[in-house]
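Trainee: Okay, here's the structure, questions in a sec.
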4 protein chains.
Amino acid sequence: MQIGFVGLGHMGSGIAAHLLRNGHSLKVWNRSAAAARTLADQGAEAVDRPAGAFDADVVFCMLASDEVIDAVVLNSGALDQARAGLIFVNLATVSVAFARRAAATMGERGIGYVAAPVLGRPDVAAAGALNVLCAGAPEAVARVRPLLESFAKAIWPLGDEPYRANVVKLACNFALASMIETLGEAAALAKAYGVAPADLFAVMTGTLFAAPAYKTYSALIAGAEFSPAAFKLPLGLKDVRLSLAAGEAENVPLPLASLLRDHFIEAIAHGDQDKDWSALAEGAFRRSGQRI
Amino acid sequence: MQIGFVGLGHMGSGIAAHLLRNGHSLKVWNRSAAAARTLADQGAEAVDRPAGAFDADVVFCMLASDEVIDAVVLNSGALDQARAGLIFVNLATVSVAFARRAAATMGERGIGYVAAPVLGRPDVAAAGALNVLCAGAPEAVARVRPLLESFAKAIWPLGDEPYRANVVKLACNFALASMIETLGEAAALAKAYGVAPADLFAVMTGTLFAAPAYKTYSALIAGAEFSPAAFKLPLGLKDVRLSLAAGEAENVPLPLASLLRDHFIEAIAHGDQDKDWSALAEGAFRRSGQRI
Amino acid sequence: MQIGFVGLGHMGSGIAAHLLRNGHSLKVWNRSAAAARTLADQGAEAVDRPAGAFDADVVFCMLASDEVIDAVVLNSGALDQARAGLIFVNLATVSVAFARRAAATMGERGIGYVAAPVLGRPDVAAAGALNVLCAGAPEAVARVRPLLESFAKAIWPLGDEPYRANVVKLACNFALASMIETLGEAAALAKAYGVAPADLFAVMTGTLFAAPAYKTYSALIAGAEFSPAAFKLPLGLKDVRLSLAAGEAENVPLPLASLLRDHFIEAIAHGDQDKDWSALAEGAFRRSGQRI
Amino acid sequence: MQIGFVGLGHMGSGIAAHLLRNGHSLKVWNRSAAAARTLADQGAEAVDRPAGAFDADVVFCMLASDEVIDAVVLNSGALDQARAGLIFVNLATVSVAFARRAAATMGERGIGYVAAPVLGRPDVAAAGALNVLCAGAPEAVARVRPLLESFAKAIWPLGDEPYRANVVKLACNFALASMIETLGEAAALAKAYGVAPADLFAVMTGTLFAAPAYKTYSALIAGAEFSPAAFKLPLGLKDVRLSLAAGEAENVPLPLASLLRDHFIEAIAHGDQDKDWSALAEGAFRRSGQRI
């Protein structure tokens, strides 16, 4: 099967490498050519324009935002090059409104649309152990599922409407940001009474909160290890903003998400735009006149 | 060793039973006599007044609030009956200010004070599998540790100052309430787009949030199983209020805790005072005009 | 001078009538023709397409949103019909980003752009007593100022950059929404203790808060007179959303605006979309299980 | 008539001076004797102990907090010295719960209790132009009303239950704090776009918000004139805390008050405890990386 791949950032490169290793033929495109060359060294064909990747049976997309996908895919003429029966698999975290619009646009051209946003940071992508949230027309999902398995630890089916996978992805990232804020406020409180953040987190992750996310993030926070960033603060802000927009569109107030949004903006106003989004937790210390 | 025990609610009864089963001699007191009789049937000696329980080497306390402990222990004359060398082990979730004050008051009388608030709901207490947060003077902690082990899954030492265990306990309960709110908002968002709360929670607890607390509470929320309550809503409000008070005393703003406080009050205003505190999650549905 | 006018809702009709009465020649366009006919009866020329109104020296615009102005003005071909030296006066409450973009687009075509958002509800527009916030190139402002005076109580100059008038307009509407929320929470608190909202408001507007906005809105709230709406709830939500977006673009967190946004959404989720935005105050009563 | 007066801070001294000037005989007590001596120079009799002031027909109280009034009045033995028929007029801003408790305690001893919290800063007290919120038994209110008139611009009757005047006072101070926060956020937004706070405030106070409170506070904020403080930040925090407590006691969530509380604490954590409470507005600038 011929596969196309657009968007070779930290996440996309790791995923594409797994597709290659599984023996698939890959046409890859990336805005800056360096990442495409790296994959070409592993056997992929680097193409000059996004349209080149659409001469394929399945196209994967891991671009940064709604706006970038609009520019690179929907408004670039690339769809005119699509093979008959093409399935577009959108791995990116996009807005719910975008997912609806993109699926409709492609549907009018006979292109299948599968939403497959992933849970996991770049190291997990490199290890081929991502959790893939997947929704779309059953026959389209069935066709791409073996491809998803090449880089997934598990695949979570979420029904026929692609946008539902996006809602779940946004909800998960909201929950992560909420956890980071919680860890920050809890640790700022504890520290004011002489309890080291690491001691508090040891109790939490050793008991009620013995979950991967808590362990990973509490270690980053306790050590104030916010650089290099695996997922930068402005990306966290973006995802919370997408949750708020999705909520507003259906009249669902999300006061906790509003609070997170304000704190992300405050962190960026303090110069943290290149830090990992776990630096959101620093805000609770700053607001109380403390340091982690 | 002679042990006293005051406060035989759901938690206290379970803990006292384990002390009994481990062969200790127990003098028990409870405001309503029925719970004391149940333990008497298991071999404890029921005493008429709190002071009766203080003719002991170690007294455990699992009373409901600062105010109750003031009335039953500090202002009842009970301390006048304390044996020389008595150690008072406070299992209750009290304010940080109270812990400081109580430890000081007892210290003036030569009574040791160990803070040992516990993590776990009544079924965990009954199973003798509580996590015990423990702080106090090392020699006092060393003496009571074997007793704590009779009902603990693990003991978490948190230093010499008793109040530090209370801060950590409050931080844990704040984190639980924050998790409940997060689950509620995330599920209200998902449901507005046709994703059942249980489907969202399956993804969360199967991946990033595979923690005991998330599993227990997400099941309660998805099933809207808020009665009978293992921990009632007003108790959740109390603990968040204590976190806020502890924060204010050291100039630590806790905006997420403020949000939780408002939502607890709103839930009580809607008649949820007898529901489990996981019903906090219903608020997100109510505010969006939905039902779980 | 030939004047064009697009957008004849409650506000626009009142303003256009004053321009007419001052002897100006008006070409008017509105989506639904009825409002245009009413003005034609007063002497205006109703045109079929927006472009018809641009055969003029000055065009006033009072359309509902960024999106509508994009459709009716920027992307409709209307600008191709602009007379040389045309000045476009935007009375509408638009986003700061839109004001920047529109001014730039028009500047490229030699069209002057004056931002002149107004403070006042439809009855004030009808009375010709609006406060006009005004910013733009000095010569353009100087030319349109006599026109603004025909419907203004006062004109507030805010500098050469049009978007600054929009920021100030958004800030004023944010302050109004904040006042409504404040009145709601204060009255819900008072009522829970047996003090009627009107009694509280009498003290407030008789002392510290003896301002037009407090008097107008407290009367609406105390009487629960939310219909007919002079300014509907979703428009209030829109303006708060624009404040938040303007804040985010320059890294200014606005936590109070976030709270207002959540409460507007909650009100709409409870079916209040056709009520006046003063109905925001009902939320505080609803959340406390009370009625105004 | 013999009058007693306890509590001679900035507010109390100004009020007591007006009572003296109206020809009343005054026994005054203050913790630090200097303020009492100043009034003695004007003709008052300085007494050594609070009880000395209770040998009177009416006692005015302007002490700092519930705790201080407990210590100085309720638990000092002073009430034992009360003349038959004494009326206690509490000018202080106290909690609703305290007002209820104090009125009940005094009622048991045959002492009348009138709540008369005032609106106005020290300069207004010195000018004898305070707004007095007044509630209590009609006959008691009637007797003290001539005394109140000696320092009041207006007296606002609020019914027979003293605590209602306290609720209204708290609601007014909540509304002031809310206004300060609003001015801060609005100005931080405007400044990020190049609009000076003073220019924004000129529009606001010249139009919708032409009220004394807006004029006074916007001038302080625009000029960053936070010292010397007429009303210190921690006092503002205290009053918001009392509003929240009153709300919680009757199940009224006050999310805007919660937000204010967090911001007051944050300001204190940044060292602003000696600034005027209008410095709350600085927080919006600080959070956005700006300065006023």
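Trainee: Please go through the stretch C:276-292 and pick out each residue that is part of a helix (DSSP H, G or I) and either within 10 Å of chain D (Cβ to nearest Cβ) or more than 27 Å from C:Ala196 (Cα to Cα) (or both).
Mentor: Here is the first cut: in the stretch C:276-292, the residues part of a helix (DSSP H, G or I) are C:277-287.
Answer for the stretch C:276-292, where residues must be part of a helix (DSSP H, G or I) and either within 10 Å of chain D (Cβ to nearest Cβ) or more than 27 Å from C:Ala196 (Cα to Cα) (or both): C:Gly283, C:Ala284, C:Phe285, C:Arg287.
Trainee: Within the stretch D:235-246, does at least one residue satisfy the condition of being more than 21 Å from the chain's Cα centre (by Cα) and at the interface with chain C (Cβ under 7 Å from one of its Cβ atoms)? Before you say what the answer is, go through the steps one by one.
Mentor: Step one: filter the stretch D:235-246 for residues more than 21 Å from the chain's Cα centre (by Cα), giving none.
Among the residues of the stretch D:235-246, not one is more than 21 Å from the chain's Cα centre (by Cα) and at the interface with chain C (Cβ under 7 Å from one of its Cβ atoms), which makes the answer no.
Trainee: Further question: Output the number of the condition that D:Gly120 fails; it satisfies all remaining conditions of (1) among the small types (Gly, Ala, Ser); (2) within 11 Å of chain C (Cβ to nearest Cβ); (3) on the phi < 0 side of the Ramachandran plot.
Mentor: All conditions pass for D:Gly120, except number (3).
A quick yes/no check of all residues on (1) of a type in the set (D, E, K, R); (2) touching a Ser or Thr at 6+ places or on another chain (Cβ under 9 Å); (3) modelled with pLDDT of 95 or more:
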position: D:Leu26; (1), (2), (3): no, no, yes
position: D:Ala34; (1), (2), (3): no, no, no
position: D:Ala44; (1), (2), (3): no, yes, yes
position: D:Pro50; (1), (2), (3): no, yes, yes
position: D:Asp57; (1), (2), (3): yes, no, yes
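Trainee: Further question: Looking only at the stretch C:145-163, filter to residues that are part of a helix (DSSP H, G or I) and surrounded by 24 or more Cβ atoms within 10 Å (Cβ to Cβ); which one of those is farthest from the other protein chains (Cβ to nearest Cβ)?
Mentor: Only one residue tops the list, namely C:Pro162.
Trainee: Going through the stretch C:203-234 one residue at a time, which ones are of a type in the set (Ser, Thr, Tyr), within 12 Å of chain D (Cβ to nearest Cβ) and either under 16 Å from C:Glu181 (Cα atoms) or out of contact with any Pro (no Cβ under 9 Å at 6 or more places or on another chain) (or both)? Don't jump to the end; show me each part of the working.
Mentor: Our first condition is that a residue be of a type in the set (Ser, Thr, Tyr); within the stretch C:203-234, this holds for C:205, C:207, C:214, C:216-218, C:227.
Filter once more, so that each one left must be within 12 Å of chain D (Cβ to nearest Cβ): C:205, C:207, C:214, C:216-218.
Across the stretch C:203-234, the qualifying residues are C:Thr205, C:Tyr214, C:Thr216, C:Tyr217, C:Ser218.
Trainee: Does B:Ala213 count as of a type outside the set (Phe, Trp, Tyr), at pLDDT below 95 and within 17 Å of the chain's Cα centre (by Cα)?
Mentor: On the way: of a type outside the set (Phe, Trp, Tyr): yes; at pLDDT below 95: no; within 17 Å of the chain's Cα centre (by Cα): yes.
For B:Ala213, the condition - of a type outside the set (Phe, Trp, Tyr), at pLDDT below 95 and within 17 Å of the chain's Cα centre (by Cα) - is not met.
Trainee: Could we say that B:Ala36 is out of contact with any helix residue (DSSP H, G or I) (no Cβ under 9 Å at 6 or more places or on another chain) and buried (at least 22 other Cβ atoms within 10 Å of the Cβ) here?
Mentor: Considered against the rule, which asks whether it is out of contact with any helix residue (DSSP H, G or I) (no Cβ under 9 Å at 6 or more places or on another chain) and buried (at least 22 other Cβ atoms within 10 Å of the Cβ), B:Ala36 comes out as yes.
Trainee: What is the one condition in (1) farther than 30 Å from B:Glu250 by Cα; (2) assigned to a helix (DSSP H, G or I); (3) within 11 Å of chain B (Cβ to nearest Cβ); (4) under 13 Å from the mean Cα position of the chain (by Cα) that A:Ala125 does not satisfy?
Mentor: (3)
Trainee: What residue, among those in the stretch C:247-268 that are small (Gly, Ala, Ser) and out of contact with any Pro (no Cβ under 7 Å at 6 or more places or on another chain), is farthest from B:Gly289 (Cα to Cα)?
Mentor: Top of the filtered list is C:Ala249.
Trainee: Tell me yes or no: at least one residue of the stretch B:86-109 is of a type outside the set (Ser, Thr, Tyr), in the same structural domain as B:Val59 (by TED's automatic domain parsing) and on the phi > 0 side of the Ramachandran plot.
Mentor: There is no residue in the stretch B:86-109 that is of a type outside the set (Ser, Thr, Tyr), in the same structural domain as B:Val59 (by TED's automatic domain parsing) and on the phi > 0 side of the Ramachandran plot.
Trainee: Could you check the stretch D:103-119 and list, in sequence order, the residues that are touching a helix residue (DSSP H, G or I) at 6+ places or on another chain (Cβ under 9 Å) and free of Cβ contacts under 8 Å to residues at least 40 places away in the same chain?
Mentor: Of everything in the stretch D:103-119, those that are touching a helix residue (DSSP H, G or I) at 6+ places or on another chain (Cβ under 9 Å) and free of Cβ contacts under 8 Å to residues at least 40 places away in the same chain turn out to be D:Thr105, D:Met106, D:Arg109, D:Ile111, D:Gly112.
Trainee: Just one of the numbered conditions (1) surrounded by fewer than 24 Cβ atoms within 10 Å (Cβ to Cβ); (2) of a type outside the set (S, T, N, Q); (3) at negative phi is not true of D:Ala279; which one?
Mentor: So D:Ala279 meets the others, but not (1).
Trainee: Name every residue in the stretch D:14-57 that is aromatic (Phe, Trp, Tyr) and closer than 24 Å to D:Ala129 by Cα, in order of residue number.
Mentor: Across the stretch D:14-57, the qualifying residue is only D:Trp29.
Trainee: Kindly list the number of the only condition in (1) out of contact with any strand residue (DSSP E or B) (no Cβ under 7 Å at 6 or more places or on another chain); (2) buried (at least 20 other Cβ atoms within 10 Å of the Cβ) that fails for B:Gly85.
Mentor: (2)
Trainee: Which of the numbered conditions does B:Ser288 fail, given that it passes all the others? Conditions: (1) under 18 Å from C:Gly289 (Cα atoms); (2) surrounded by fewer than 23 Cβ atoms within 10 Å (Cβ to Cβ).
Mentor: (2)
Trainee: Just give me the residues in the stretch D:52-76 being buried (at least 20 other Cβ atoms within 10 Å of the Cβ) and either of a type in the set (Lys, Arg) or in a helix (DSSP H, G or I) (or both), in sequence order.
Mentor: Listed by number, the residues that qualify are D:Ala53, D:Asp66, D:Ile69, D:Val72, D:Val73.
Trainee: Going through C:Asn131, C:Asn90 one at a time, which residue ends up being touching a strand residue (DSSP E or B) at 6+ places or on another chain (Cβ under 8 Å), buried (at least 19 other Cβ atoms within 10 Å of the Cβ), more than 10 Å from every other protein chain (Cβ to nearest Cβ) and of a type outside the set (A, V, I, L, M)?
Mentor: After applying the criteria, what remains is C:Asn90.
Trainee: Let me ask something additional. Evaluate the following for B:Ile180: is it surrounded by fewer than 24 Cβ atoms within 10 Å (Cβ to Cβ) and of a type in the set (A, V, I, L, M)?
Mentor: no
Trainee: Right, next: Please pick out the residue among D:Glu185, D:Glu139, D:Glu108 that is acidic (Asp, Glu) and within 11 Å of chain C (Cβ to nearest Cβ).
Mentor: After ruling out the rest, the residue left standing is D:Glu185.
Trainee: Return yes when C:Asp48 is farther than 22 Å from C:Arg145 by Cα and not in a helix (DSSP H, G or I) and no when it is not.
Mentor: Numbers: farther than 22 Å from C:Arg145 by Cα: yes; not in a helix (DSSP H, G or I): yes.
The answer is yes for C:Asp48.
Trainee: Hey, another quick one. Here's a check for you: in the stretch A:130-187, which residue that is in contact with a Leu (Cβ under 9 Å, 6 or more places away or on another chain) and of a type in the set (Phe, Trp, Tyr) is farthest from A:Asn22 (Cα to Cα)?
Mentor: A:Phe174
Trainee: Still on this structure: For residues in the stretch A:184-224 being of a type in the set (D, E, K, R) and touching a residue at least 12 places away in the same chain (Cβ under 8 Å), which is surrounded by the most Cβ atoms within 10 Å (Cβ to Cβ)?
Mentor: Only one residue tops the list, namely A:Glu185.
Trainee: Now for a separate question. Does any residue in the stretch B:130-157 that is touching a residue at least 60 places away in the same chain (Cβ under 8 Å) come within less than 6 Å, Cβ to Cβ, of a residue that is assigned to a helix (DSSP H, G or I) and among the hydrophobic types (A, V, I, L, M, F, W, C) six or more places away or on a different chain, and which pairs are these?
Mentor: B:Leu130/B:Val124; B:Ser150/B:Leu19; B:Phe151/B:Ile15
The values are calculated or read from the model by the stated rules, or taken from the named source; none is laboratory data. What you see is a predicted model; the values in this text were computed from it and never measured. Cβ coordinates were reconstructed from backbone atoms using ideal geometry, including for glycine residues, and neighbour counts include every protein chain displayed.
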